[in-house]
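Here's the structure we're looking at; comments come further down.
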Amino acid sequence: MADLVSLDEVRAAARRIAGVAVRTPLLPFHPAPLPLLVKPESLQPTGAFKLRGAYNAVYAVTRGLDSCALPAGVVAHSSGNHGFAVAYAARLLGVNAAIVVPENAPAVKTDAIERAGAELVRVEPTLAARIAATDEIARVRGYHPVAPFDDRDVIAGQGTVGLEIAEDTASRPPAAVLVPVGGGGLISGTAVAVKALLPGTRVIGVEPALAADARESLHTGTRVRWAPADTARTRADALRVEQVGELTFPHIQAYVDDIVTVSEDELLETVRLLAVRARLVAEPGGAVAVAAALFRDPAELGLAAGAASAQLVAVLSGGNIDTAVLAEILRTSSYTG
């Protein structure tokens, strides 16, 4: 098994990001089938949890905490949220940044990357194209790559989500923590902290049914790759990852109890419900964990039949949604159950 990220690494990341990333609260959401607390990472300065891992990784690289020589800059590939987070972190730390994005990345995210002062590089919407462009920039310019999820410092930074959940629920540990899954960085780090500090709590990943490569991977025991044409069908653009990471997958196997899916109608209805009931803005990919809490039966989450009072925590991972798309969802949501 790969050398997994430790709780000590997560705690070190928490010290580094203090004062940069927001310690987001746990907010009650009503009504829900089970008592539900939502952790709104949409309240981060960059609108998503990605700031935690990005800042931790860029700090480690640019402050000489790893064994590499200091780079001329940093480069990252991203559908948007990771790229914005790396650009934001690079600006705070005074280094150059180039961000490789797919041609179909939402303007709300690419505009934010450019406002943060990073160079935007557009490529075909495949993981292979993004990796190739990132590798070329790193080779030619001497920029250090900051992976979106398959990186120890990134995983440790994302793990601060789980650390905060564990600290804030110590007096009443939740039955389960529900976490969105794309490449696996958020759920890997979160699960490291939750399983170390709340060993009786289940960690459940959530994906769109139209991009469920991580669920298939966990259930088959091998990293499954989905075609870009398949993952592109989901409105959850932040979760259109074709395959979980080589480093994140062992964490998922070691610490994640299960991965469930939600439908497109369910995740879009959850975006609407978060806006009108909780006054929280969520992008579709950010809403999947809350959708599972609202629309999956407790038995599907591995909870006992008598778990009517069991408390759940769901991570709302991001809120970078185009205002026109949000208006469309609020106007046209037609979920019928």
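Data overview
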| item | result |
| --- | --- |
| Answer residue from the stretch 238-265, given it is in contact with a Leu (Cβ under 8 Å, 6 or more places away or on another chain) and of a type in the set (A, V, I, L, M, F, W, C) and is surrounded by the fewest Cβ atoms within 10 Å (Cβ to Cβ) among those | ALA254 |
| Condition broken by GLN158, with the remaining ones in (1) free of Cβ contacts under 8 Å to residues at least 60 places away in the same chain; (2) more than 23 Å from THR323 (Cα to Cα) satisfied | (1) |
| Residue pairs meeting the criteria (Cβ under 6 Å; at least 6 apart or on separate chains; first among the polar types (S, T, N, Q), in the stretch 235-246; second open to solvent by 20 Å² or more (accessible area, probe 1.4 Å) and at pLDDT 90 or above) | GLN243/ARG223; GLN243/ARG225 |
| Which numbered condition THR234 fails, given (1) under 17 Å from the mean Cα position of the chain (by Cα); (2) buried (at least 24 other Cβ atoms within 10 Å of the Cβ) | (2) |
| Residue pairs meeting the criteria (Cβ under 9 Å; at least 6 apart or on separate chains; first free of Cβ contacts under 8 Å to residues at least 40 places away in the same chain, in the stretch 1-26; second of a type in the set (S, T, N, Q) and part of a loop (DSSP other than H, G, I, E, B)) | VAL22/GLN44 |
| Residue among VAL177, VAL224, VAL244 that is under 26 Å from VAL22 (Cα atoms) and modelled with pLDDT of 95 or more | VAL177 |
| ASP3 among the acidic types (Asp, Glu), within 26 Å of GLY245 (Cβ to Cβ), in a helix (DSSP H, G or I) and open to solvent by 30 Å² or more (accessible area, probe 1.4 Å) | no |
| Test: residue in the stretch 208-222 that is in a strand (DSSP E or B), open to solvent by less than 50 Å² (accessible area, probe 1.4 Å) and of a type outside the set (D, E, K, R) | yes |
| Candidates PRO125, PRO199, PRO148, filtered to the one that is part of a loop (DSSP other than H, G, I, E, B), in contact with a His (Cβ under 8 Å, 6 or more places away or on another chain) and either under 22 Å from ASP3 (Cα atoms) or open to solvent by 20 Å² or more (accessible area, probe 1.4 Å) (or both) | PRO148 |
| Test result for ALA133, touching a helix residue (DSSP H, G or I) at 6+ places or on another chain (Cβ under 7 Å), among the small types (Gly, Ala, Ser) and buried (at least 18 other Cβ atoms within 10 Å of the Cβ) | no |
| Test: residue in the stretch 299-316 that is open to solvent by 10 Å² or more (accessible area, probe 1.4 Å), in a helix (DSSP H, G or I) and at pLDDT below 95 | yes |
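The values are calculated or read from the model by the stated rules, or taken from the named source; none is laboratory data. Values in this document were obtained by computation on a predicted structure and should not be read as measured data. Using ideal geometry, Cβ is built from the backbone for each residue, glycine included, and neighbour counts are taken over all protein chains shown. Keep in mind that these areas ignore ligands, DNA and RNA; they rest on the heavy atoms of the full protein, side chains included. Shrake-Rupley method; radii C 1.70, N 1.55, O 1.52, S 1.80 Å.
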